[in-house]
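Novice: I have a structure here, written as structure tokens, and I will follow up with some questions on it.
The values are calculated or read from the model by the stated rules, or taken from the named source; none is laboratory data. Everything numeric in this text was worked out from a predicted model, so none of it was measured. Neighbour counts run over all protein chains shown; Cβ positions are idealised from the backbone, glycine included. Ligands, DNA and RNA are excluded from the accessible area calculation, which covers all protein heavy atoms including side chains. Shrake-Rupley method; radii C 1.70, N 1.55, O 1.52, S 1.80 Å.
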Amino acid sequence: MKKQFTIALLLFICLISFSGGILAHAMERRDTPETCYKYYTSIRIEPGDTLWEIAERYLCEESGSRETYIQELRQINGLSGSQIRAGQYLTVVYYSTEYK
């Protein structure tokens, strides 16, 4: 009887440990933010577009501030200021959680 109780207790402890490990792993995965991959594309500026709106459209939360994003847009497009014109093409950085 003691032997059966000991075996049952060990099985129960193993089951609890295994379940706890699975639960801890699931919680860890849920808390991990999705990875954003950085890509470049060319867009045509539409009437009324601003660098601020473009930043809002293409920026990923984990990739930095809007100001930093706008600075990068200005640098890669050779812009000295924030002025853009409808019909102009800009290279923009965009982020995706999908690896391409």
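Novice: Would you mention how many residues in the stretch 56-100 are open to solvent by less than 30 Å² (accessible area, probe 1.4 Å), in a helix (DSSP H, G or I) and touching a strand residue (DSSP E or B) at 6+ places or on another chain (Cβ under 9 Å)?
Specialist: 2
Novice: May I ask you to list the residues in the stretch 46-55 that are open to solvent by 40 Å² or more (accessible area, probe 1.4 Å) and β-branched (Val, Ile, Thr)?
Specialist: If the condition is that a residue be open to solvent by 40 Å² or more (accessible area, probe 1.4 Å) and β-branched (Val, Ile, Thr), then THR50 is the only one that fits.
Novice: Also: How many residues are loosely packed, with under 10 Cβ neighbours inside 10 Å and either at pLDDT 75 or above or assigned to a loop (DSSP other than H, G, I, E, B) (or both) when one looks only at the stretch 18-45?
Specialist: Counting residues in the stretch 18-45 that are loosely packed, with under 10 Cβ neighbours inside 10 Å and either at pLDDT 75 or above or assigned to a loop (DSSP other than H, G, I, E, B) (or both) gives 4.
Novice: Scanning the stretch 46-55 for residues that are over 12 Å from GLY87 (Cβ atoms) and assigned to a loop (DSSP other than H, G, I, E, B), which turns out farthest from the chain's Cα centre (by Cα)?
Specialist: Applying the filter and picking the extreme gives GLY48.
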